[in-house]
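Got a structure here, written out as structure tokens. Questions coming.
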């Protein structure tokens, strides 16, 4: 039986979200790309100014028998700041918004429930503003964006932003990290 599923999350720059998820058990592939906009076949240059409506996002391919959608959502909400609209750190604009792009009703309900639980438990000092919206066409980003962190671990932005996010998840969710 094939338990391969897909989750699509936007949580700021995809260079920083991709390494968070590639290290998780059950995740077979993470594709950086663009979703949620109105331009066909957008490029990185197209989306940089925020005019296309797309978010930088990742498409996570995972085995549901090894890791649940709920676990991926929790990691997603912990790995970035879901309380700031259209911003992650110094990255500002709609392309850096926090969003869950659901593929079915079960994903939508799970996202809404987990966000509500985080808010009720006051995990953050502000309410979560993560959008929960239906997935539209996901456009894979250019090749040089794929596994950017793995290919460029000493790049300054990766060292300053991506590496600490991945390390935070390794520490907090050690049981979910690949051997």
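The values are calculated or read from the model by the stated rules, or taken from the named source; none is laboratory data. Every value quoted in this text rests on a predicted model; they were computed, and no experiment measured them. All Cβ positions, even for glycine, are placed from backbone atoms using ideal geometry, and neighbour counts span all protein chains on display.
Name the single residue, out of those in region 97-114 being out of contact with any helix residue (DSSP H, G or I) (no Cβ under 7 Å at 6 or more places or on another chain) and in a helix (DSSP H, G or I), that is surrounded by the most Cβ atoms within 10 Å (Cβ to Cβ). Reasoning before the result, please.
Step one: list which residues in region 97-114 are out of contact with any helix residue (DSSP H, G or I) (no Cβ under 7 Å at 6 or more places or on another chain), which gives 97-99, 101, 103-106, 108-109, 112-113.
Then keep just the ones that are in a helix (DSSP H, G or I); that gives 105-106, 108-109, 112-113.
Numbers: 105: 8, 106: 10, 108: 16, 109: 12, 112: 13, 113: 12.
Residue satisfying both the conditions and the ranking: 108.
Restricting to region 55-71, count the residues that are surrounded by 24 or more Cβ atoms within 10 Å (Cβ to Cβ) and farther than 12 Å from residue 14 by Cα. Explain how you work it out, then say what you get.
Let us first name the residues in region 55-71 that are surrounded by 24 or more Cβ atoms within 10 Å (Cβ to Cβ), namely 55-58, 60, 62.
Now drop any that are not farther than 12 Å from residue 14 by Cα, which leaves 62.
Within region 55-71, residues that are surrounded by 24 or more Cβ atoms within 10 Å (Cβ to Cβ) and farther than 12 Å from residue 14 by Cα number 1.
Do the conditions hold for residue 126, that is, is it at pLDDT 95 or above, part of a helix (DSSP H, G or I) and surrounded by fewer than 15 Cβ atoms within 10 Å (Cβ to Cβ)? Give the steps one after another, and end with the answer.
On the way: at pLDDT 95 or above: yes; part of a helix (DSSP H, G or I): no; surrounded by fewer than 15 Cβ atoms within 10 Å (Cβ to Cβ): yes.
Against the criterion (at pLDDT 95 or above, part of a helix (DSSP H, G or I) and surrounded by fewer than 15 Cβ atoms within 10 Å (Cβ to Cβ)), residue 126 does not qualify.
Sticking with this one: Taking the condition farther than 23 Å from residue 168 by Cα and at pLDDT below 95, does residue 46 pass? Break it down into steps so the answer makes sense when it comes.
Numbers: farther than 23 Å from residue 168 by Cα: yes; at pLDDT below 95: yes.
Against the criterion (farther than 23 Å from residue 168 by Cα and at pLDDT below 95), residue 46 qualifies.
Could we say that residue 11 is touching a helix residue (DSSP H, G or I) at 6+ places or on another chain (Cβ under 7 Å), surrounded by fewer than 24 Cβ atoms within 10 Å (Cβ to Cβ), on the phi < 0 side of the Ramachandran plot and touching a residue at least 24 places away in the same chain (Cβ under 8 Å) here? So that I can check it myself, show each step before the final result.
On the way: touching a helix residue (DSSP H, G or I) at 6+ places or on another chain (Cβ under 7 Å): yes; surrounded by fewer than 24 Cβ atoms within 10 Å (Cβ to Cβ): no; on the phi < 0 side of the Ramachandran plot: yes; touching a residue at least 24 places away in the same chain (Cβ under 8 Å): yes.
No; evaluated as a whole, the condition is false for this residue.
Out of curiosity, is residue 3 surrounded by fewer than 23 Cβ atoms within 10 Å (Cβ to Cβ) and either on the phi > 0 side of the Ramachandran plot or at pLDDT 95 or above (or both)?
Numbers: surrounded by fewer than 23 Cβ atoms within 10 Å (Cβ to Cβ): yes; either on the phi > 0 side of the Ramachandran plot or at pLDDT 95 or above (or both): no.
No; evaluated as a whole, the condition is false for this residue.
So residue 103 fits all but one of (1) under 22 Å from residue 66 (Cβ atoms); (2) modelled with pLDDT under 95; what number is the exception?
The number of the failed condition is (2).
Inside region 132-179, can you point out the residues that are in contact (Cβ under 8 Å) with a residue 40 or more places away in the chain, part of a strand (DSSP E or B) and under 18 Å from residue 9 (Cα atoms)?
Listed by number, the residues that qualify are 133, 139, 140.
Tell me whether region 114-129 contains one or more residues that are under 14 Å from the mean Cα position of the chain (by Cα) and either touching a residue at least 12 places away in the same chain (Cβ under 8 Å) or under 24 Å from residue 71 (Cβ atoms) (or both).
no
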